[in-house]
Structure formats: C-alpha cells, structure tokens
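Student: Handing you this structure, nothing more for now.
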Amino acid sequence: MKRGKIYMGSIFLLMAMFLIPLSYLLPESAMAADPPIKLKVLSSWSPEYLYIREWLIPYIQRLNQKSGGRLQVSWVGPEAVPPFEQLKPLSAGLFDILFTHSAYHMGEVAVGVGLDLIKATPSERRAIGFYELLDEAYKKVNARVLGLSYGAVGYHFILKKELPKADFTGLKLRTSPFYDPMVNALGGATVRIAPGEIYSSLEKGVVDGAAWPVLGALDYKWYEVANFQLRPQFGEVIELLLVNLGTWNKMPKDLQNLITQITKEMEEDGYKALTAKVKGEEQKLVNLGMKLNVLPPAEGEKLLKTYYERTLEGIVMKHSPDFGPKMKKLADDFVKKSK
C-alpha cells in the first residue's frame with residue numbers, strides 16, 4: 001500500500017508540475033475566457049440632447065473598444081426612469097452608472113449644484129478639490145463620481161421680448177428648481193414645463209422665455225418662437241457621471257484604472273469639442289434671427305452676482321447643510337484667485 005500511495009503521489013506531483021506553468025503561460029487566454037463585465041448606464045436625457053450625442057455615446061464606445069471586450073457597456077434614457085427619480089435605482093444597484101445633473105436630486109445630494117457656479121477647465125476642477133468633496137457627499141447614497149462632462153458652456157434665457165435690465169418682473173419663465181432662486185430674486189414667475197413642451201409654450205405665449213443651457217435652442221428650433229438670447233451667460237453646465245459604489249469596488253483594479261483614464265481623456269476631449277460649439281451655435285442662431293440681448297455692464301454684473309449668491313444660498317447651503325459650507329469655500333476661493 002505504501003508503494004501505491006507513493007506512486008499515486010508522484011503522479012499528482014508530476015501533474016501539478018505541468019499544470020502550474022501552463023496557468024502562468026496563458027493568463028491572457030484565461031482572462032479572455034471570462035465573461036465581460038456588463039455595465040448598465042442610465043441617462044437623464046434622450047439622444048436629442050447634445051451632451052448625449054457629443055459626449056456620453058462616444059464615452060461608452062471608447063470604454064467598450066479600449067477594454068478589449070472585458071467591458072460591455074450599454075445605456076438607456078429617461079424613458080426607463082424619469083430624471084428626478086434616477087438616483088435611487090443607482091444607489092440600489094439596478095443601474096451601474098448614471099449620467100445626470102445635480103439639480104435632479106437636490107433632495108438627496110444638493111452640493112453638486114455648486115459645480116455650476118464657476119468657470120474652470122477639467123484639470124482645474126480636479127485640482128480644486130471638487131472630486132474629493134463630491135465623493136464624500138455621494139457615499140451616503142452608495143455612489144461616487146467618475147467624472148464630469150462639460151465645455152465652456154453657460155446657462156442663459158431665451159426670450160420673446162428684449163429685456164433692458166436684470167429684472168424679470170412681470171415675466172413668466174420656464175425653469176427647473178435649479179434656476180428658481182435666481183429668477184425669484186429678480187422678480188420673475190417660474191413655470192414648470194418639460195423640455196419637449198417649451199416650443200409650444202413659447203409659441204402660445206404660456207411663457208415669456210425659458211432658462212436652458214446655451215447649447216440647445218438650435219436642436220429644438222426654439223429660434224422659431226423666441227427672438228432673443230439674453231447675455232451675459234451665467235455659470236457653467238456640469239453633467240455628472242456617477243457610479244454605484246458596490247459596482248466600482250467589485251471591479252478589478254486594472255479596469256478601474258482604465259475607466260478612470262478614459263474618463264479623464266473624455267473630460268478633456270469633450271471640453272474642447274463643446275467649447276468650440278458654443279460660438280458656432282450662437283452665431284447660427286443670430287443668422288436665423290435670434291438676436292443677442294446684451295445687458296448693460298452694471299445690469300450684467302447684477303445678473304451674475306444674483307445667480308452666484310442665490311444659488312449658493314437657496315440650493316447648496318439650504319439643501320446641503322453638511323457639505324454646503326465646504327463647497328462654498330472651494331467656490332469662493334477659486335473665484336478670488338481667478339480675479
């Protein structure tokens with residue numbers, strides 16, 4: 001029996017000697033045999049929105065391509081879940097990634113709205129400390145920030161009639177909660193209208209104007225029913241790319257690094273592309289008859305000051321008493337350095 005045991009033990013030892021080197025020789029084959037990691041992306045906007053066409057879709061394509069088949073990323077729009085209800089399914093892990101704006105979940109994490117108060121490049125925003133603060137805030141809803149999508153694209157109002165000063169008294173303006181503190185402070189009445197209904201509301205006189213990112217009026221053909229683009233622009237449109245914390249923590253480190261690198265690349269590429277579109281679209285709208293309504297310098301400063309102060313006070317500080325003061329300090333410090 002001893003000889004049998006020794007003989008069998010020798011066989012197992014020889015097998016191990018052959019098998020172990022093979023596992024080292026074929027790591028890529030073994031990895032390729034693993035099923036791809038599937039990531040579901042939920043978006044707050046449909047493909048008509050420029051940021052989807054110009055940023056999210058190319059971002060997803062780049063992830064799928066550069067991962068060499070290890071990632072399989074797909075996405076759905078707001079037809080799956082309405083924008084104001086999307087943070088909960090992300091937190092629960094029903095979706096892995098969310099492309100959204102902080103204004104859509106001010107009741108849960110309002111501090112991200114502070115990102116829109118300043119104008120800065122992607123590298124500047126990373127250096128300021130925004131990412132660390134946002135990660136800290138979003139942990140409470142089981143998420144973290146992957147990156148941002150934006151260019152030098154501000155917000156503005158499209159109007160049916162010319163406005164001589166920063167005073168909205170007597171005007172009914174289509175807004176979302178994000179714009180309300182500013183509009184209310186300048187005497188305007190706010191009206192809730194879905195993006196798809198802005199055209200008909202302007203056409204029928206239900207509203208006198210609408211607040212929206214500077215890019216958009218061309219795609220939606222609002223130039224047909226509104227005559228002016230109010231200037232100056234205010235703030236900067238920042239879309240957030242959030243990832244479920246559980247999804248992220250389960251991912252292999254090398255894939256985390258790959259996604260992080262691709263996201264940084266897309267931030268820089270998207271910033272350049274979207275910035276270039278701003279002037280081009282503005283001029284196209286002017287050519288189509290939508291004039292620039294440029295406020296006098298003092299009135300323009302009043303508009304910008306009102307936006308900055310009232311958004312900080314009425315949204316960031318009010319809805320995020322824990323993280324709001326930190327965001328205010330980061331924003332204030334950057335503004336002072338930039339002057």
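Student: Given a Förster radius of 45 Å and the C-beta distance between Val294 and Asp34 as r, what FRET efficiency does 1/(1 + (r/R0)^6) yield to the nearest 0.05?
Tutor: Efficiency computed from Cβ-Cβ geometry: 0.20.
Student: Are there any trypsin sites (Lys or Arg not before Pro) in the stretch 139-188 that are in a DSSP loop and have at most 15 other Cβ atoms within 10 Å? List them by number.
Tutor: Counting only loop positions with at most 15 other Cβ atoms within 10 Å, the trypsin sites (Lys or Arg not before Pro) in the stretch 139-188 are Lys161, Lys165.
Student: Can you flag which of Lys140/Lys336; Lys161/Lys291; Lys161/Lys221 are past 19 Å Cα-Cα?
Tutor: As for pairs spanning more than 19 Å Cα to Cα, those are Lys140/Lys336.
Student: Once the piece of chain linking Lys272 and Asp332 is laid out straight, how much longer is it, given 0.36 nm per residue of separation minus the C-alpha distance between them?
Tutor: Here the answer is 19.1 nm.
Student: Tally Lys/Arg at +1 and Asp/Glu at -1 over every other residue whose Cβ is under 15 Å from the Cβ of Gln86; what's the total?
Tutor: Around Gln86, the charge tally is -3.
Student: May I ask for the angle, rounded to the nearest 10°, between helix 253-287 and the longest principal axis of the chain, with both axes built from Cα atoms and the value confined to 0 to 90°?
Tutor: Compared with the principal axis, the helix lies near 20 degrees.
Student: I would also like to ask the following. Do any trypsin sites (Lys or Arg not before Pro) in the stretch 182-236 lie in a loop, going by DSSP, with at most 12 other beta-carbon atoms within 10 Å of their beta carbon, and if so which?
Tutor: Sparse-neighbourhood loop trypsin sites (Lys or Arg not before Pro): Lys221.
Student: So which lysines can Lys337 reach, going by Cα to Cα under 26 Å and dropping same-chain residues fewer than 8 places off?
Tutor: Lys119, Lys264, Lys272, Lys302, Lys305, Lys318, Lys326, Lys328, Lys329
Student: Now for a different question. Hull surface divided by four, with the convex hull built on the Cα atoms of the stretch 32-88: how many nm²?
Tutor: Averaged projected hull area, Cα only: 4.4 nm².
Student: Along the three principal axes, how long is the stretch 279-339 when you take its alpha carbons, biggest first, rounded to the nearest angstrom?
Tutor: 47, 24, 20
Student: Next question, about the same structure. For Glu224 and Gln61 in the same chain, what is the full-extension length gain: residue separation times 0.36 nm, less their Cα-Cα distance, in nm?
Tutor: 55.2 nm
Student: Moving to a separate point now. On a straight-distance basis, which aspartates and glutamates could pair with Lys160 in a cross-link, Cα separation under 13 angstrom, same-chain partners fewer than 8 positions away excluded?
Tutor: Glu203, Asp208, Glu224
Student: What residues from the stretch 198-220 fall in the zone where the backbone N is under 20 Å from a label point 7 Å along the Cα-to-C-beta line of Lys161?
Tutor: Correct set: 199-211.
Student: At what distance in nm do the modelled label points of Thr169 and Asp254 sit from each other, each positioned 7 Å from its Cα along Cα→Cβ?
Tutor: It is 6.7 nm.
Student: Quick one: if you stick a label point 7 Å off each Cα along the C-beta vector at Lys264 and Leu94, how many nm between them?
Tutor: 3.5 nm
Student: When Lys and Arg each count +1 and Asp and Glu each count -1, what net charge do the other residues less than 11 Å away from Leu50, Cβ to Cβ, add up to?
Tutor: Cβ neighbours under 11 Å give a net charge of -3.
Student: Sequence neighbours fewer than 8 away in the same chain don't count; with that in mind, list the aspartates and glutamates whose C-alpha is under 14 Å from Lys38.
Tutor: Asp96
Student: So what's the stretch 91-131 giving for Cα Rg divided by 2.2 N^0.38 Å, two decimals?
Tutor: The reported ratio for this selection is 1.36.
Student: Counting only helical runs of four or more DSSP H residues, what would the 222 nm mean residue ellipticity of the chain come to if each run contributes -39,500 (n - 2.57) and the total is spread over all its residues?
Tutor: Result for the chain, helices only: -13500 deg cm²/dmol.
Student: Count charges around Leu171 for me, please; just the other residues with Cβ under 13 Å from its Cβ, Lys/Arg as +1, Asp/Glu as -1.
Tutor: +2
Student: Note down, for the chain, the three equivalent ellipsoid semi-axes (square root of 5 times each alpha carbon gyration tensor eigenvalue), biggest first, whole angstrom.
Tutor: 49, 21, 17
Student: State to the nearest 20 debye the size of the charge dipole of the stretch 170-228 about its Cα centre, where the only charges are +1 on K and R beta carbons and -1 on D and E beta carbons.
Tutor: Around 100 debye, computed over the stretch 170-228.
Student: Pop out the ³J(HN,Hα) list for the stretch 196-210 in order, Karplus 6.51 cos²θ - 1.76 cosθ + 1.60 with θ = phi - 60°, rounded to Hz; leave Gly and Pro as x.
Tutor: Per-residue couplings from phi come out as x, 9, 4, 4, 5, 5, 5, 4, 8, x, 5, 10, 8, x, 8 Hz.
Student: To the nearest 10 degrees, how steeply does helix 2-25 sit against the main Cα axis of the chain, on a 0 to 90 scale?
Tutor: That works out to roughly 30 degrees.
Student: Rounded, prolate or oblate: which one fits the stretch 71-226, using the alpha carbon gyration tensor with axes a ≥ b ≥ c (rounded when a/c is under 1.5, else prolate when a/b beats b/c, else oblate)?
Tutor: Prolate is the answer for the stretch 71-226, as a/c is 1.5 or above and a/b outweighs b/c.
Just so you know, all these numbers are worked out from the coordinates, no wet-lab data involved. As the structure is a prediction and not an experimental result, all values here were calculated from the model. Neighbour counts are summed over all protein chains in view; Cβ atoms, including those assigned to glycine, are modelled from backbone coordinates with ideal geometry.
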